[in-house]
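This report refers to the structure that appears directly beneath it.
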Amino acid sequence: RTLAGCLGELVLDAMAPKAGSAYTGKEFQDVPSGPSAAVKLGLFCFFVMTRAVHPTIIDASKSVDPETGKKGFAYGNMTVVLAETVVTLIIAQLMCLTIGGMDEWKKIWSPAPMKVFSLIGFVYALGDYLEMASMGSLGGAAYQILLQSKLVITALMMWAIKGTKQTGLQWNILILVMLSMCVYMIGGSSDSGDSGGIPILGVINVLMKVTVSCFCAVLSDKYMKDFKSEPIYMQLVQFKCAWAATILIISFLDGATWQNGFFTGWNPTVVGVLASFTIKGWSTMYLLAMLDSV
């Protein structure tokens, strides 16, 4: 008997199930793939932090009108949103060229995913417009509290569109958050409007923004996984093409963005708003690709 033969017998004996032991299927279990639980948790925590900071930065970018004494945006509402779409388009396409070369860049323009993500990007753009419109009349704290209705609306849309149901405990938590939001709305907030009340138009804009965002999140969750062979940065380009075009059209219709000058009213805080929009957008898409929209 050769040494190799002996070693082969030892290996086979070690792999064979012991007498009396039942086969469980774990012997050939696949190695887990995808990001670890720690990575997902870290990304989720980062996402929550950016969502909490984002309205605060937007609120800090307001200035007081010396004539009316009210806080508002000295810069064009759509300028930071349009700038963010341009920045993301440039960065994402550079990543395509750097990582995958010209072949990967050409795949961006594949008709099937481009049609789907362009439609979602168009609706996302409407959400950005509603967000800036609502933040123009609401304070950061009020906006953040009203935004919590997103939890219940997203859960309902997940149930209707994808058939994903929440547990009884999850529904209880979501409803408690929703009721807390309603109590806040009834009580009013001193930083949100005239005479301590909440501006009705601002509330309507927030609720419309939440509905649009939840709808887009559920669709993005579904189709980003359907086209999971594409890198996320490639999908971001497909999102942002229609997104940027829609914001550009809105900026021409608002009667202020281009008439007053694109960068009129910009300062370091507004640059922070631009950075916040960019970070929020990228973290949202990466989170949706790894987890679900709720």
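The values are calculated or read from the model by the stated rules, or taken from the named source; none is laboratory data. All figures in this text were calculated on a predicted structure; none of them were measured in a lab. Every residue, glycine among them, receives a Cβ derived from its backbone with ideal geometry; neighbour counts consider all protein chains shown. When the accessible area is computed, the model is the full protein with side chains, heavy atoms only, and any ligands, DNA or RNA have been set aside. Shrake-Rupley method; radii C 1.70, N 1.55, O 1.52, S 1.80 Å.
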Next on the checklist: Which of the numbered conditions does residue 268 fail, given that it passes all the others? Conditions: (1) free of Cβ contacts under 8 Å to residues at least 24 places away in the same chain; (2) over 26 Å from the mean Cα position of the chain (by Cα); (3) over 19 Å from residue 126 (Cβ atoms).
Outcome noted: (2)
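Taking region 224-239, which residues are under 13 Å from residue 289 (Cα atoms) and either assigned to a loop (DSSP other than H, G, I, E, B) or over 14 Å from the mean Cα position of the chain (by Cα) (or both)?
Just the residues of region 224-239 that are under 13 Å from residue 289 (Cα atoms), to begin with: 224-236.
Those that are under 13 Å from residue 289 (Cα atoms) and either assigned to a loop (DSSP other than H, G, I, E, B) or over 14 Å from the mean Cα position of the chain (by Cα) (or both): 225, 226, 227, 228, 229, 230, 231, 234.
Can you tell me which of 208, 181, 185 is open to solvent by 30 Å² or more (accessible area, probe 1.4 Å) and either modelled with pLDDT under 85 or of a type in the set (Val, Ile, Thr) (or both)? Before the answer, list the steps.
Values: 208 fails: either modelled with pLDDT under 85 or of a type in the set (Val, Ile, Thr) (or both); 181 fails: open to solvent by 30 Å² or more (accessible area, probe 1.4 Å).
Going through 208, 181, 185 in turn, the sole match is 185.
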Checklist entry - Taking residue 230 and the conditions (1) open to solvent by less than 30 Å² (accessible area, probe 1.4 Å); (2) of a type in the set (Asp, Glu); (3) modelled with pLDDT under 90, which numbered condition does it fall short on, given that it satisfies the others? => result (3)
Next on the checklist: Consider region 266-288. How many of its residues are over 21 Å from residue 92 (Cβ atoms) and open to solvent by 30 Å² or more (accessible area, probe 1.4 Å)?
Outcome noted: 4
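Give region 266-294 a look and list any residue that's outside any helix (DSSP H, G or I) and at pLDDT 90 or above, or say none. Step through it out loud before you land on a result.
Of the residues in region 266-294, the ones outside any helix (DSSP H, G or I) are 266-267, 291-294.
Once the filter is applied, which keeps residues that are outside any helix (DSSP H, G or I) and at pLDDT 90 or above, region 266-294 yields 266, 267.
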Next on the checklist: Cβ contacts < 8 Å: first residue part of a helix (DSSP H, G or I), restricted to region 39-63; second residue at pLDDT 80 or above and open to solvent by 50 Å² or more (accessible area, probe 1.4 Å), any location; separation 6+ or different chain. Result?
Outcome noted: 43/286; 50/279; 57/269; 60/269
Item to check | Scan of region 66-93 for residues that are open to solvent by less than 60 Å² (accessible area, probe 1.4 Å) and free of Cβ contacts under 8 Å to residues at least 60 places away in the same chain, ordered by number | outcome: 69
Checklist entry - Name the residues in region 247-265 that are in a helix (DSSP H, G or I), touching a residue at least 12 places away in the same chain (Cβ under 8 Å) and open to solvent by 60 Å² or more (accessible area, probe 1.4 Å), would you? => result 248
